[in-house]
């Protein structure tokens, strides 16, 4: 990409800020019209809600703003790359996306899309595609090279299905071929694919692995959604609850994600979770305890009440058995008995924890709904915590622009 082309891309930044979502909506409509088979790969719930269009618009804008040095986007490339690998997205898919994206720029901008601008964006997209697919190729190679690793979709069966709370059920997933699995890194997720009859489509969703790493199985813990009008995400989760039984088969991809405990972690750890956001934290905590981690581990969790507090008994046992593990729990509506046990009332508030570790090097892991993550991140920053010490996992498309 030459200097003139980079300048042309930079010049489109104001247009992308104002009309980015309009462009991405047009793009997705165009692509699904010409390539309807791709609906089996994309989250149609995020399409209905508009989250995916917004996430793509933000990504395209970030790329245009950093066209002079796209290397600064590598943390974002890594996060998206893990998601793409978990969905088995391959280099050929980038060519389809690129064709429709360039055509959409022409159709949305009209006369403003000069030949030079289209040429510049064509080169820019190809550069981005090479950056992304190159990184993803390395991730695929890493998985294939690991003991018991694999790439692509692999059939599994449900060995056990266990209720963890009034809303959350765990599924123990074993390879249908009788083989082993590559142990996940605590904090990672797996993708599970099912056929959703009401959409006549295969749909894939990511669920955090909630168990300790093992070669035998993966455990995911899924929240059942309530209400008459559910988005597609809720329908997938409920399909698992209502129709997937012990012995049934599903397709999985190997563990992915970079919201993980560092292999050389040697500092206090603070886990902050809201609702079903506790699932990756369970794996992290179990792994740290199994390794006799010798730094303080503090877990803050918030949910509506005791009935929906998954893994409560297990967490209480871990806390009692390990002097370096501390729990702080918040319920929207705690009972008198809950309060006697130290449960606090209301939305999780780190400012109510006088003993919150703030030692140099402390790592803070946050997982939950977007609004929950935003509040905890802001409160941590206000306490003087460096943003590099805060890691968060946002379920769904990346919309939060925090780090």
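The values are calculated or read from the model by the stated rules, or taken from the named source; none is laboratory data. None of these values were measured; they are calculated from a predicted model. Every residue, glycine as well, gets a Cβ built from its backbone with ideal geometry; the counts of neighbours run over all protein chains shown.
For segment 325-357, filtered to residues that are under 25 Å from the mean Cα position of the chain (by Cα) and part of a strand (DSSP E or B), the residue that is farthest from residue 286 (Cα to Cα) is 331. When the test is whether a residue is touching a strand residue (DSSP E or B) at 6+ places or on another chain (Cβ under 7 Å) and assigned to a loop (DSSP other than H, G, I, E, B), residue 211 passes it. Within segment 290-311, if we keep just the residues that are touching a helix residue (DSSP H, G or I) at 6+ places or on another chain (Cβ under 7 Å) and more than 18 Å from residue 376 (Cβ to Cβ), the residue that is surrounded by the fewest Cβ atoms within 10 Å (Cβ to Cβ) turns out to be 306.
Identification of strands (runs of 3 or more DSSP E) wholly contained in segment 226-304 with 1 or more residues that are at pLDDT 95 or above and closer than 20 Å to residue 357 by Cα yields 269-274, 297-303. Condition first: closer than 29 Å to residue 136 by Cα, more than 20 Å from the chain's Cα centre (by Cα) and touching a residue at least 60 places away in the same chain (Cβ under 8 Å). Now tell me which residues in segment 159-180 satisfy that. Scanning segment 159-180 gives a single hit, 176.
Take segment 381-397 and flag every residue that is more than 20 Å from residue 262 (Cα to Cα) and either touching a helix residue (DSSP H, G or I) at 6+ places or on another chain (Cβ under 8 Å) or in a loop (DSSP other than H, G, I, E, B) (or both). Those that are more than 20 Å from residue 262 (Cα to Cα) and either touching a helix residue (DSSP H, G or I) at 6+ places or on another chain (Cβ under 8 Å) or in a loop (DSSP other than H, G, I, E, B) (or both): 381, 383, 384, 395, 396, 397.
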